[in-house]
Amino acid sequence: YTPRLHNEKPDRNGFNRDSDGYEFGAGVEVVSGPIWTGELGLTYLHRNYQDSGLNSANALGLSGELTWSPSELT
């Protein structure tokens, strides 16, 4: 849960940008022997603004990391 509260209400465009947000994430760890390791994650974000003139925002994200660790034999 990530609320956002602004000091300036309304802003210079006439919107109240205060909002409530929710973020969910899940991931897996990839282990493929001693040479390859990594992580893969999926994130979903939803933000609902208090001003009816602003639409809700939704975002889907993907993150990852892959590490290659060869030895002298490989």
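The values are calculated or read from the model by the stated rules, or taken from the named source; none is laboratory data. Quick caveat: nothing in here was measured; it's all calculated off a predicted structure. Here the Cβ positions follow ideal geometry from the backbone for every residue, glycine too, while neighbour counts run over all protein chains shown. Surface accessibility is based on the protein's heavy atoms, side chains included, excluding ligands, DNA and RNA. Shrake-Rupley method; radii C 1.70, N 1.55, O 1.52, S 1.80 Å.
Scan region 10-25 residue by residue and report those that are assigned to a strand (DSSP E or B) and surrounded by 10 or more Cβ atoms within 10 Å (Cβ to Cβ). Working first, answer last.
So the first thing to find is which residues in region 10-25 are assigned to a strand (DSSP E or B), and the list is 19-25.
Listed by number, the residues that qualify are SER19, ASP20, GLY21, TYR22, GLU23, GLY25.
It is to be established whether one or more residues within region 26-34 are part of a strand (DSSP E or B), charged (D, E, K, R), open to solvent by 60 Å² or more (accessible area, probe 1.4 Å) and touching a residue at least 12 places away in the same chain (Cβ under 8 Å). No.
Would it be correct to say that LEU5 is aliphatic (A, V, I, L, M) and under 15 Å from the mean Cα position of the chain (by Cα)?
no
Might you let me know whether region 1-9 holds any residue that is in contact with a Leu (Cβ under 7 Å, 6 or more places away or on another chain), open to solvent by 60 Å² or more (accessible area, probe 1.4 Å), at pLDDT 85 or above and among the hydrophobic types (A, V, I, L, M, F, W, C)?
Pass one, region 1-9, residues in contact with a Leu (Cβ under 7 Å, 6 or more places away or on another chain): none.
No; the residues of region 1-9 include none that is in contact with a Leu (Cβ under 7 Å, 6 or more places away or on another chain), open to solvent by 60 Å² or more (accessible area, probe 1.4 Å), at pLDDT 85 or above and among the hydrophobic types (A, V, I, L, M, F, W, C).
Filtering region 43-72 to residues that are closer than 21 Å to ASP11 by Cβ, outside any strand (DSSP E or B) and open to solvent by 70 Å² or more (accessible area, probe 1.4 Å) leaves GLN50, SER52, ASN55.
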